[in-house]
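The structure appears below as structure tokens.
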Amino acid sequence: MRRRRWLAGSLAWLAGAAACTTGRGGPRSITVPLERLQAVVDGHFPRRLSAQGLLQLSVQAPRLRLLPALDHLGARLELGASSPLLARAYTGEADLDFALRYEPSDRSLRATELHLNALQLAGLPAPAEQLLRQSLADALRQSLRELVLYRLREQDLLLADTLGLQPGAISVTPEGLRIALVAKGQAE
């Protein structure tokens, strides 16, 4: 009997200590480092895209970067472009940034609000590049819109779910993506 009380008291103390180290009611965020995101994104590439049936693009895996000041992720993509309308195939690079959103149905972090910052195709005359820029931007937006960058694992959310928490706002920090954990049903 004495041993049971001691064990129950010890377990209560450990539970209280754990709550103190993780904040009131448990952890309040999950951090996903850039390296983990990059490994997942690499698996989605290379990709082939078509812009209005006239332009074919091949897109290599982007090199991701954190942009905490914008609260976005950035990406540099190597790409190739060919078309029956072009004299030859061209290679180049695109620079873009995007926001993130959480999709609860599959626990995924997805790209959204994509902005094409720069596009360069080596050797393509400037007037042709201007004409192709919009088609390329549209093709990249369509292909990369809602691209799954990461899926939270069940074990990532097990404790949060037990404590009545769910993923909320996503912030880009120098350490990676921080996903706030908020009370279930609370909009953030």
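The values are calculated or read from the model by the stated rules, or taken from the named source; none is laboratory data. No experiment lies behind these values; they were computed from the predicted model shown. In this analysis, Cβ positions are derived from the backbone assuming ideal geometry, glycine residues included, and neighbour counts consider all displayed protein chains. Each accessible area value is taken on the protein alone, full model and side chains, heavy atoms only, with ligands, DNA and RNA left out. Shrake-Rupley method; radii C 1.70, N 1.55, O 1.52, S 1.80 Å.
A Förster radius of 22 Å combined with the Cβ-Cβ distance from GLU103 to ALA61 puts the calculated FRET efficiency at roughly 0.50.
A Förster radius of 35 Å, combined with the Cβ-Cβ distance separating ALA39 from ALA87, puts the computed FRET efficiency at roughly 0.35.
Evaluated at q = 0.19, 0.20, 0.25 Å⁻¹, a Debye calculation over the C-alpha positions of segment 86-160 (equal weights, vacuum) places log10 I(q)/I(0) at -0.81, -0.86, -1.11.
Applying 1/(1 + (r/R0)^6) with r as the Cβ-Cβ distance of GLU113 and THR31 and R0 = 22 angstrom yields a FRET efficiency of 0.50.
With the full set of protein chains in place, find how many percent of the accessible area of segment 27-168 is carbon and sulfur; take the probe as 1.4 Å.
On the way: 3910 of 7450 Å².
Here it works out to 52 percent.
The residue among LEU157, SER83, SER143 whose Cα reaches farthest toward the positive pole of the charge dipole of segment 60-188, with charges on the beta-carbon of Lys, Arg, Asp and Glu, is SER83.
What accessible area per residue comes out for segment 35-188, rounded to a whole number of Å², with a 1.4 Å probe? Numbers along the way, then the final one.
On the way: 8120 Å² over 154 residues.
For segment 35-188, the per-residue accessible area is 53 Å².
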